[in-house]
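The values are calculated or read from the model by the stated rules, or taken from the named source; none is laboratory data. On a predicted model such as this, the values are computed, not experimentally measured, just so you know. Surface areas here come from the heavy atoms of the whole protein model, side chains and all, with no ligands, DNA or RNA. Shrake-Rupley method; radii C 1.70, N 1.55, O 1.52, S 1.80 Å.
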Amino acid sequence: MSIQFDSFQELYDAEGQPLGAFLGPEAWALVREAVLARYAQPALPPEASEPLQDWRDLVQFWDFKYPVDHDVACEVCGNSTSAWELDEPRKFVLTAANLGGLVAFRCLGCGAKILKRHFKDSIKVETRPFIEEKSPRNLGRGK
């Protein structure tokens, strides 16, 4: 299959440096799988990257008026647990924790992000559906 010249348009900045290209349907069909494979990011971080020490520090210095909570629930797919660390196999992966009371998880069922914000008297829970990370072309460029 040959590509017609009007199937793609190369883009350059004012200095003539390449910025990218617009691909027509025919051109995209030819390169789609290779491009997606090249820029595919794993949806879930490996367990080794869990910040478990940050979680342990939060638990050690817990000063909220309620006991430490170990439950996590995903409003997107319905996945839930009463003790996320003890599940085998795991249902959630810890992605962030800090002494300010913010704890974040990734659901292993659907990839959603669960944020638990611990305040003095209450916990606010927010679930965000999984969306692909920004592609490298959308990230800021340094000179």
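Listing for the model above:
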quantity: Principal axis box of segment 51-92, alpha-carbon based, largest edge first, Å; calculated: 32, 21, 15
quantity: Per residue accessible area in Å² of segment 52-128, where ligands, DNA and RNA are left out and the probe is 1.4 Å; calculated: 56 Å²
quantity: Contour excess over end-to-end distance, with Cα ends at A37 and R56 and 0.36 nm allotted per residue; calculated: 3.2 nm
quantity: Scattering curve values for segment 52-128, log₁₀ I(q)/I(0), Debye with Cα scatterers, q = 0.11, 0.12, 0.21, 0.24 Å⁻¹; calculated: -0.25, -0.30, -0.92, -1.18
quantity: Accessible surface of segment 52-128, 1.4 Å probe, proportion on carbon and sulfur as whole %; calculated: 51 percent
